[in-house]
Every structure is written in C-alpha cells, then in structure tokens.
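Chemist: This is the structure, below, for whatever I ask next.
The values are calculated or read from the model by the stated rules, or taken from the named source; none is laboratory data. Worth saying up front: this structure is predicted, and the values here are computed from it rather than measured. Neighbour counts are summed over all protein chains in view; Cβ atoms, including those assigned to glycine, are modelled from backbone coordinates with ideal geometry. Ligands, DNA and RNA are stripped out before the accessible areas are found, and what is left, the full protein with its side chains, is counted by its heavy atoms. Shrake-Rupley method; radii C 1.70, N 1.55, O 1.52, S 1.80 Å.
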Amino acid sequence: MLFFLFTDKLLKLLRNDLHNPSQRTIVFCNTTATCDFVGHFLTDKHIKFIRLHSTLPAKVLIQSERNKSN
C-alpha cells in the first residue's frame with residue numbers, strides 16, 4: 001500500500017513535466033534501493049530517465065552523461 005501511495009504522488013508531481021517534452025525534472029532519492037525502485041517504476045510507465053547513484057559502474061555513469069547531452 002505504501003508503494004502505491006508513493007508512485008501515485010510521484011506521477012502527480014511529474015504530470016505537468018510529462019506533457020512538455022522539453023521539460024526536465026530531477027528526482028532525488030535517499031537510498032540506492034529507492035532510486036532503483038523509482039527507475040523500475042518509470043520504466044513500467046515508459047518514462048525516459050537516467051539513473052545515477054554511487055553503486056553504478058563508472059562506465060554506466062559516463063554513458064549516461066553522453067546520452068544526456070544528445
């Protein structure tokens with residue numbers, strides 16, 4: 001039930017940004033597990049995102065930076 005409340009609030013917060021393709025939003029999470037959960041949730045909703053946290057290999061972080069500039 002807690003995850004449903006979290007994901008519902010997240011979608012409400014992102015709703016305006018999703019309608020504007022040039023709009024970018026940053027979502028900060030307090031744990032890597034939460035970051036991964038949000039990433040899976042956004043993937044399920046077909047929302048493009050970049051996941052960045054300290055446990056990702058440097059190669060992934062560098063590729064994320066390159067993709068961001070495109």
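Chemist: Anything in region 1-27 that is in contact with a helix residue (DSSP H, G or I) (Cβ under 9 Å, 6 or more places away or on another chain) and either free of Cβ contacts under 8 Å to residues at least 24 places away in the same chain or open to solvent by less than 60 Å² (accessible area, probe 1.4 Å) (or both)? List them, or say none.
Modeler: Filtering region 1-27 down to residues in contact with a helix residue (DSSP H, G or I) (Cβ under 9 Å, 6 or more places away or on another chain) leaves 3, 6-7, 10-11, 14, 18, 23-25, 27.
The answer is Phe6, Thr7, Leu10, Leu11, Leu14, Gln23, Arg24, Thr25, Val27.
Chemist: Would you check if there is a residue in region 32-52 being in contact with a helix residue (DSSP H, G or I) (Cβ under 6 Å, 6 or more places away or on another chain), among the aromatic types (Phe, Trp, Tyr), at pLDDT 75 or above and part of a loop (DSSP other than H, G, I, E, B)?
Modeler: Scanning region 32-52 turns up at least one residue that is in contact with a helix residue (DSSP H, G or I) (Cβ under 6 Å, 6 or more places away or on another chain), among the aromatic types (Phe, Trp, Tyr), at pLDDT 75 or above and part of a loop (DSSP other than H, G, I, E, B).
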